[in-house]
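Structure first, then comments.
Read-outs: derived from the displayed coordinates by stated rules, not from any lab. All values derive from a computational prediction rather than experimental measurement. Cβ: placed from backbone, ideal geometry, glycine included. Neighbour counts: every protein chain shown.
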Amino acid sequence: MNIHEYQAKALFETFGVPVPKGVAAKAASDFDTALAQLPEGPTMVKSQIHAGGRGKGTFTDGFKGGVKFCKTKADAKEIAGRMLNNTLVTIQTGPAGRKVQTVYFTVASDIKKEYYLAILLDRATSRPVIVASTEGGVEIEKVAHETPEKIFKVFVDPAYGLADFQVRQLIAGLGFAGAEAKGAAKLIRNLYTMFWETDASMVEINPLITTPTGEVLALDAKVSFDSNALYRHPEITALRDLNEEDPKEIEASKFSLSYIALDGNIACLVNGAGLAMSTMDIIKHFGGSPANFLDVGGGATKDQVVAAFKIILGDANVKGIFVNIFGGIMDCNVIATGIIEAVREVGLKLPLVVRLEGNNVTAGKATLASSGLPIVSGDTMADAARKIVQLVA
């Protein structure tokens, strides 16, 4: 689960990570109240959407930049008015963009130098890794490609936690000294505490800055959390912004389904993430284009299958459906029964190809065959993929 910058910075402050003073506003009528909480002078206005590249983005009305520096609070109010309820298109939003429903006013900080700092889970070592660089304020992917020597990593033993010598490594690598070193060390320790205690999957500060007066501040904040751990954190779950999520993905989560919308026209209903990836690959192999990633899990019920079909059909781009099930824990006949019920309930008119294999597959295929519905059977995954691609062509 992702949260907005203003929410992330509020969490930072809770854990003792210093940030510039800021206030969010969700309506134009809130601008004056929000700005009154900030001192007079240069002010930043930041569009709040769950996507990167805001500063280089363009609004659909042609207004450029979702992050703006303003010399006065009066200018900030005017700029915020142009951003709020406007649609911002960035490199990460796709051409549809995202509607800005919150703007964030912050004090504009004097910057001495910019750095990059992030904490995430390294899956190769199953350990948290702190990634740092002296090249902040730019895309870290560009730094990794052009000057990889300017990025260094510190791997943290989860049983021991962040050690003092590792903090010293980070401070030395970033080139901090004196009061800045002391402030940066405290910030790094507190940031790791937040990462660990909130079950975050990633915490990123880009840029982390120093000021002419020796402060070390998180100028930006990007935080995402492990959704599987949210049951432990109702206070974080409350930060979820459903306006930033696909309505179909929200509906899928209500039925414990994993759904991600794509831009193709062949819907996929599978059990297991690995099988979902393979299914999408084989559709592409035969010249088709997947419309979604939909994993019903290892023990789906008939109700979940029916819900999955309804969610799939909520995408107007879908021209055909490929159900690809390997029954291990799951009973193929339960899936077959759910498919039949779903087809009848939604009055499906689109081509449907089903491939079943594994636990109780004979009964599952017999159930489908005796249904009298126009369901095309695939003997193998390749056979089924080829058939659905041909049917939607």
Which three extents, in angstrom, do the Cα atoms of the range 113-237 have along their principal axes, listed largest first?
42, 31, 26
Which one of ILE375, GLY264, ALA385 is farthest out on the positive end of the charge dipole of the range 234-388, using unit charges on Cβ (Lys, Arg +1; Asp, Glu -1) and the Cα centre as origin?
ILE375
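Please report the equivalent ellipsoid semi-axes of the range 21-107, computed as sqrt(5 x eigenvalue) of the Cα gyration tensor, largest first, in whole Å. Before the final figure, lay out each step's value.
Values: eigenvalues 96, 28, 22 Å².
After diagonalising the Cα gyration tensor, the semi-axes are 22, 12, 10 Å.
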Multiplying the sequence separation of LYS302 and ILE250 by 0.36 nm and subtracting their Cα-Cα distance, what value in nm do you get?
16.8 nm
Tell me which chymotrypsin sites (Phe, Trp or Tyr not before Pro) from the range 7-97 have a DSSP coil assignment and no more than 12 other beta carbons within 10 Å of their own.
none
If I fit a long axis through the Cα atoms of helix 302-312 and take the longest principal axis of the Cα atoms of the chain, what angle between them do I get, 0 to 90°, rounded to 10?
70 degrees
Loop only per DSSP, at most 11 neighbouring Cβ atoms within 10 Å: give me the chymotrypsin sites (Phe, Trp or Tyr not before Pro) in the range 129-203, ordered by residue number.
TYR160
Loop-located GluC sites (Glu not before Pro) in the range 1-65, at most 14 other Cβ atoms within 10 Å (DSSP):
GLU40
Going by the alpha-carbon gyration tensor, a ≥ b ≥ c the square roots of its eigenvalues, is the range 224-368 rounded (a/c under 1.5) or, if a/c is not under 1.5, prolate (a/b greater than b/c) versus oblate?
prolate
To the nearest 10 degrees, how steep is helix 164-174 against the longest Cα principal axis of the chain, on a 0 to 90 scale?
80 degrees
Using alpha carbon centers only, the range 268-335 is separated from the range 336-360 by a whole-angstrom value of 10 Å
Test of understanding: given the chain, find the longest segment containing no trypsin sites (Lys or Arg not before Pro) that are in a DSSP loop and have at most 15 other Cβ atoms within 10 Å.
124-348
Mean separation of Cα contacts under 8 Å (at least 6 apart) over the residue count of the range 1-82, i.e. the relative contact order in percent, is 27 percent
What number, rounded to the nearest 500 deg cm²/dmol, is the helix-based mean residue ellipticity at 222 nm of the chain, given -39500 (n - 2.57) per DSSP H run of at least four residues and division by all its residues?
-10500 deg cm²/dmol
Please report the relative contact order for the range 246-392, taking Cα pairs under 8 Å with a sequence separation of at least 6, and give it as a percent rounded to a whole number.
24 percent
So how much slack lies between LYS186 and ALA316, counting 0.36 nm per residue of separation and subtracting their Cα-Cα distance, in nm?
41.7 nm
Gaussian network model of the chain, Cα within-10 Å springs - most flexible of GLN48, GLN101, GLN92
GLN92
For Rg and Dmax of the Cα atoms in Å, which listed value, (i) 24.3, 88; (ii) 20.2, 63; (iii) 25.0, 79, comes from the coordinates shown?
(iii)
In nm, the gap between the two label points placed 7 Å beyond Cα toward Cβ at ASP157 and SER370 is 6.2 nm
Once phi is turned into ³J(HN,Hα) by the Karplus curve 6.51 cos²θ - 1.76 cosθ + 1.60 with θ = phi - 60°, what whole-Hz value does each residue of the range 87-100 show in order, with x for glycine and proline?
9, 9, 10, 10, 5, 9, 8, x, x, 6, x, 10, 6, 7
Residue-ordered couplings for the range 154-162, obtained by feeding phi - 60° into the Karplus form 6.51 cos²θ - 1.76 cosθ + 1.60 and rounding to whole Hz (Gly and Pro as x), are 10, 8, 9, 6, x, 6, 9, x, 6
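Take the cross-link list LYS56/LYS182; LYS302/LYS387; LYS46/LYS310 and give me the ones stretching past 32 Å between alpha-carbons.
Numbers: LYS56/LYS182 34 Å; LYS302/LYS387 25 Å; LYS46/LYS310 37 Å.
The pairs that break the limit, which is 32 Å between Cα atoms, are LYS56/LYS182; LYS46/LYS310.
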Over the chain, what is the mean sequence separation of C-alpha contacts under 8 Å (at least six apart), divided by residue count, expressed as relative contact order in percent?
12 percent
ILE329/ALA273 FRET efficiency (R0 25 Å; Cβ-Cβ; nearest 0.05)
0.95
